[in-house]
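Before any comments, here is the structure.
The values are calculated or read from the model by the stated rules, or taken from the named source; none is laboratory data. If you're wondering where the values come from, they're calculated on a predicted model, not measured in any experiment. Cβ placement follows ideal geometry from the backbone for every residue including glycine, while neighbour counts extend to all protein chains displayed. Just the protein is used for accessible areas: all its heavy atoms, side chains included, with ligands, DNA and RNA removed. Shrake-Rupley method; radii C 1.70, N 1.55, O 1.52, S 1.80 Å.
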Amino acid sequence: RWTHDPGGALLEGLALGFPAAIMIERLFERGTGLGLGKANTEGWPLNIGIFHDPEYAPVYLYEALASFLLLILMLALSRRKRFREGREPLLPLFLLLWGLIQPLLESLRADDHMVYHFVKAQQVLAICFPVAVMIRWTARARRQAAKAWQLILPWCVTLAAIGGAVAAEFGVDRWGRPMAAYGLMIACLLLIGGSAFFLRGLGLKEEKADGA
């Protein structure tokens, strides 16, 4: 792979290396105060087993677990023919999924670093990754002559979902029902992910039709 497609091999290596590096870094946040989440509340569903903390939700463990699961997923996908042959880079899929998970995890953090009003800069940066991946997949679908409405609709849904996620972040501490706010945030992030995969599917569908 390095001989025939060094660029693709590098992207695949990054897709595997990033989640592994993030997982290790998050595990070393224990005891530093960086990975602590908001104070636990009664009924918080993750206060069980290794995730239980007497005072604060251990967000660094949540992030480490999410990175581990992403690493396993990337390893599994790297064995699929499409990615193994370099027809599609693996890195955009990692960036999409990581960018959808991170805003929720950042919302759980208790620190006040780089917070503007009620939105954290890390959340804004994270959501930029799915948007960048969607731009790439939109361009590919457009080259494959996708219909205009097929390109516009996912972006309309995405913009509305981003607005909903911002509203949910506002409501976490202000609505008095944090679990409802987190539920709305998760629903919005899933809509963004669904829109992105819709665009990806357009490009793949047209590629298959061209190859038939």
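What's the long-distance tail for the stretch 104-183, i.e. % of Cα pairs beyond 18 Å? Please report the intermediate quantities before stating the final value.
Details: 1619 of 3160 pairs.
More than 18 Å apart: 51 percent of the Cα pairs in the stretch 104-183.
In terms of solvent-accessible area of protein heavy atoms at a 1.4 angstrom probe, what is the ranking of K120, K81, highest value first? Don't skip to the end; give the middle numbers.
Values: K120 10, K81 115 Å².
The residues order as K81, K120, largest area first.
Between beta-carbons, use under 12 Å as the cut-off and find the net charge around R136, counting Lys and Arg +1, Asp and Glu -1. Don't skip to the answer; put the middle values down first.
Working: positive: R140, R142, R143, R200; negative: E88.
Net charge around R136: +3.
How long is the gain from L153 to A132 if the chain were fully straight, where each residue apart is worth 0.36 nm and the alpha carbon distance is subtracted?
Additional length available on full extension: 5.9 nm.
Which value, in Å² and to the nearest 10, is the accessible area of Y62 when all protein chains are kept and the probe is 1.4 Å?
That residue has around 20 Å² of solvent-accessible surface.
Using label points projected 7 Å from each Cα along Cα→Cβ, tell me how many nm separate R174 and S78, to one decimal.
4.4 nm
If you add up the charges near L199, with Lys and Arg at +1 and Asp and Glu at -1, over every other residue whose beta carbon is less than 10 angstrom from its beta carbon, what do you get? Before the final figure, lay out the partial values.
Numbers: positive: R136, R140, R142, R200; negative: none.
Taking every other residue near L199 into account, the sum is +4.
Show me 89-101, 140-152, 185-197, 64-76 ranked by packing, highest mean number of other Cβ atoms within 10 Å first. Each step should come with its number before you reach the end.
Details: 89-101: 21.0, 140-152: 13.8, 185-197: 19.2, 64-76: 17.2.
Put in order of decreasing packing, that is 89-101, 185-197, 64-76, 140-152.
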